[in-house]
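The values are calculated or read from the model by the stated rules, or taken from the named source; none is laboratory data. Here the structure is a predicted model, which means the values were calculated and not measured. Here the Cβ positions follow ideal geometry from the backbone for every residue, glycine too, while neighbour counts run over all protein chains shown.
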Amino acid sequence: MPRRIPTVGTKQLHSAQLSPQERRLLHKRAAAANRREMAPVLAADRAAFGGINQDYRQEASSVRGAAQMTEEMLSQALAGLKASGLKGNYLRQAMNELTSRQGDAAAAIPFLLSDAREAKADATGEARQQLIQDRAAMQQGVAQDFNSSLESARGDASQVLKEQQEKRESESEDHGGQGMFDSKDLQNAKLALRDALQTWSENPTVEGPDGEDVPLRQLNPLKTRADWLRFANGLDHQYSGFGLAEINHVIQQLLTDRQRHEHEGRLPQPGVPGPGRG
């Protein structure tokens, strides 16, 4: 049977989720920063439309002005034909020529204006496309800055979670690791240990492994770590209200306290023997 691959949970990774309010605030800041950065570019894009319209108006004015000037010149020429000395067919031919030119000049106005409008349409399309591209670039900048802000904020929040966990673990170690167990189970384990140690200190006769009667301290002198582990297993089977982890934890506290008392030159509490004494 293949071994199960260990997995790591989100709590172990110290992953953090940001509140909707925090996300909205970060997005608002990213949007405001990109609007400030792109404001001159977008203003120039919008101003381009005004320049295009102004160029068209100037071109249209020039076309109409040129056509009007041509018509005036042809009208003056027509008016001066009678005094030119031309007569008969020559006069009629000259008048027809000038009149035809007047018609050509008037007909050229829509054509020339059409060219100007086409140039305006092309320039407007290019300006609009540039505006769209710059707006898209701004939105892309907002998204990138927002994602960067989210990553940074999540990293900061995860660091806070990690520091909080380390603080809890440190406090748990300072208190003997009690924070990892249910307080009621620990209390039950302490009562069971106290009762069992009281019986052990009275050293009653019990049945040994070969069926003979032996003193309890002889059967388990509680001198080695193995003695205490066997003692803990016995308590786990004899008592209820706690588990093997809780009774082992309480026993470890007892041994740690005993070592500290011996280091400080003090004796343990009456009725509670040390782990290395029979």
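Name the residue, out of Leu18, Leu81, Leu42, Leu86, that is modelled with pLDDT of 70 or more and outside any helix (DSSP H, G or I).
Matching residue, one of Leu18, Leu81, Leu42, Leu86: Leu18.
Going by the conditions given, is Asp185 acidic (Asp, Glu), in the same structural domain as Tyr239 (by TED's automatic domain parsing) and modelled with pLDDT of 75 or more?
Values: acidic (Asp, Glu): yes; in the same structural domain as Tyr239 (by TED's automatic domain parsing): yes; modelled with pLDDT of 75 or more: yes.
Taking the combined requirement at face value, the residue satisfies it.
Since Gly176 meets every condition but one in (1) small (Gly, Ala, Ser); (2) surrounded by 12 or more Cβ atoms within 10 Å (Cβ to Cβ); (3) at pLDDT 80 or above, which condition does it not meet?
(3)
From Ala60, Ala30, which residue is farther than 24 Å from Ala119 by Cα, surrounded by 14 or more Cβ atoms within 10 Å (Cβ to Cβ) and either at pLDDT 85 or above or touching a Leu at 6+ places or on another chain (Cβ under 8 Å) (or both)?
Of Ala60, Ala30, the one residue that is farther than 24 Å from Ala119 by Cα, surrounded by 14 or more Cβ atoms within 10 Å (Cβ to Cβ) and either at pLDDT 85 or above or touching a Leu at 6+ places or on another chain (Cβ under 8 Å) (or both) is Ala30.
Do we have any residue at all in the range 240-250 that's within 58 Å of the chain's Cα centre (by Cα), modelled with pLDDT under 90 and β-branched (Val, Ile, Thr)?
The answer is no; no qualifying residue exists.
When you scan the range 176-240 for helices (runs of 4 or more DSSP H) that lie fully inside it, which ones turn up with 2 or more residues that are on the phi > 0 side of the Ramachandran plot and acidic (Asp, Glu)?
Values: elements: 183-202, 216-219, 225-238.
Helices (runs of 4 or more DSSP H) meeting the threshold: none at all.
Kindly indicate whether any position in the range 211-221 is in contact with an Asp or Glu (Cβ under 9 Å, 6 or more places away or on another chain), among the β-branched types (Val, Ile, Thr) and at pLDDT 90 or above.
No, because not a single residue in the range 211-221 is in contact with an Asp or Glu (Cβ under 9 Å, 6 or more places away or on another chain), among the β-branched types (Val, Ile, Thr) and at pLDDT 90 or above.
So is Gln159 closer than 18 Å to Gln17 by Cα and assigned by TED's automatic domain parsing to the domain that holds Met38 or not?
Spelling it out, Gln159 is indeed closer than 18 Å to Gln17 by Cα and assigned by TED's automatic domain parsing to the domain that holds Met38.
Look through the range 202-239, keep the residues that are under 54 Å from the mean Cα position of the chain (by Cα) and among the small types (Gly, Ala, Ser), and return whichever of them is surrounded by the most Cβ atoms within 10 Å (Cβ to Cβ).
Ala232
Among what's in the range 260-278 and is in a helix (DSSP H, G or I) and either loosely packed, with under 13 Cβ neighbours inside 10 Å or charged (D, E, K, R) (or both), pick the residue that is modelled with the highest pLDDT. So that I can check it myself, show each step before the final result.
Our first condition is that a residue be in a helix (DSSP H, G or I); within the range 260-278, this holds for 260-264.
The next check asks that each one be either loosely packed, with under 13 Cβ neighbours inside 10 Å or charged (D, E, K, R) (or both); those that pass are 260, 262-264.
Values: Arg260: 76, Glu262: 70, His263: 60, Glu264: 56.
Once the filter is applied, the top-ranked residue is Arg260.
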